[in-house]
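Q: Dropping a structure here in structure tokens format, bear with me for questions.
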Amino acid sequence: MRKPLLSLVAVLALAGCATTPMGPMAPPPPPADAPVAVPANIAAALSDPNRPAADMVRDDLRLPGQTLSFAGVKPGAKVADLIPGGGYFTRILSKSVGPRGHVYAYVPDELTKLAKREPAVKAIAADPAYKNVSVILNTLPNFSAPEKLDLVFTAQNYHDMHDKFMGPADLSVVNRQIFRALKPGGVYLVLDHAAEPGSGLRDTETLHRIDAETVKQEVTAAGFIFEGESRVLRDPADSRKLSVFDPSIRGKTDQFIYKFRKPAGAR
């Protein structure tokens, strides 16, 4: 089980004891892996009775509440779930943004052709319980949405875009398209399995991991500002030398969550 390195309460208590000639010091920010207060809209989405039981039992390992809180998902937001897979996050996002918001489940044509079947997320979009979900089928380089977005979210899939079965896609093009699709000030959140530092793209095909620094370099090259990292899914017990599908590590990999923002003045 992943545990924070420091107690947020202890940090704040210690900060409150410190003083300067000008008065009490401002408390330091909480550790990057400290628990966060999950907003009511996200908490309600997690307890949605329409969620499959198989999804809910994964919450303790995936920590969707803390992840989406870090992303800043608010009611009324317009969100793209890029490469949604079975829709684990799609359902949570749908209920988190509520009826005034919308979730665009973006399924790349490259992936659909490989799978040779209808995307699983189409069943979610057809479910009356998730009326604010629609599916977009298009290529990765043509990423776009019918309206400007508050958030583009992708979980455990960024490394796939570099792999042969995805083209491979030109990530400089894909990230620029995501930049254009977002509102000024919009967020691009990337969650993925961490590879060894300095490994670059070496492990994307074999271990299904990617060097976090490579992601940061690629995304900021498209014009994004790196805003920070949540470490709630970091796990030092993972050697990062095994495939994410290895039974000894599956579901318990070291994962980074990077938050990027489109500058407020950008178009």
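Please treat every number below as a calculation from the coordinates, not as lab data. Note that the structure is a prediction, hence the values are computed from the model and not measured. Neighbour counts run over all protein chains shown; Cβ positions are idealised from the backbone, glycine included.
Q: Report, to the nearest 10°, how far helix 171-181 tilts away from the longest principal axis of the Cα atoms in the chain, using its own Cα long axis and a range of 0 to 90°.
A: Between helix and principal axis, roughly 80 degrees.
Q: I want to check the label-to-label distance for S239 and E213. Put each point 7 Å from Cα in the C-beta direction and report it in nm to one decimal.
A: If labels sit at S239 and E213, their model points lie 2.2 nm apart.
Q: Given (i) 66, 42, 42; (ii) 59, 41, 36; (iii) 51, 42, 40, which label gives Cα extents along the principal axes in Å as computed from the coordinates?
A: From the options (i) 66, 42, 42; (ii) 59, 41, 36; (iii) 51, 42, 40, the structure gives (i).
Q: On a 0 to 90 degree scale, rounded to 10, what angle separates helix 212-221 from the longest Cα axis of the chain?
A: Value to nearest ten degrees: 70.
Q: Determine which lysines satisfy two conditions relative to K131: a Cα distance under 21 Å, and not lying fewer than 8 residues away in the same chain.
A: Excluding near neighbours in sequence, the set is K74, K78, K95, K122, K148.
Q: If I model a spin label at K122 and E227 as a point 7 Å from the Cα along the Cα→Cβ vector, what separation in nanometres do I get?
A: 3.4
Q: If we count other beta carbons within 10 Å of each Cβ, what is the order of I210, I225, fewest first?
A: Values: I210 26, I225 13.
Fewest-to-most Cβ neighbours within 10 Å comes out as I225, I210.
Q: When only C-alpha pairs under 8 Å and at least 6 residues apart count, what is the relative contact order of the chain, in percent?
A: Details: 523 pairs, mean separation 44.1, N = 267.
Reported as a whole number, the value is 17 percent.
Q: Still on this structure: Starting from the 7 Å offset along Cα-to-Cβ, what nm value, one decimal, do you get for the label separation of N142 and R180?
A: With each label point 7 Å from Cα toward Cβ, the separation is 1.3 nm.
Q: What ranking do M166, M161 get, fewest neighbouring Cβ atoms within 10 angstrom at the top? Walk me through the numbers before you get to the answer.
A: Details: M166 21, M161 24.
Going from sparsest to densest Cβ surroundings: M166, M161.
Q: Can you figure out the FRET efficiency of S47 with K164, using R₀ = 45 Å and their beta-carbon distance, to the nearest 0.05? Display every interim value, and only then the final one.
A: Working: r = 40 Å, r/R0 = 0.89.
In this case the efficiency is close to 0.65.
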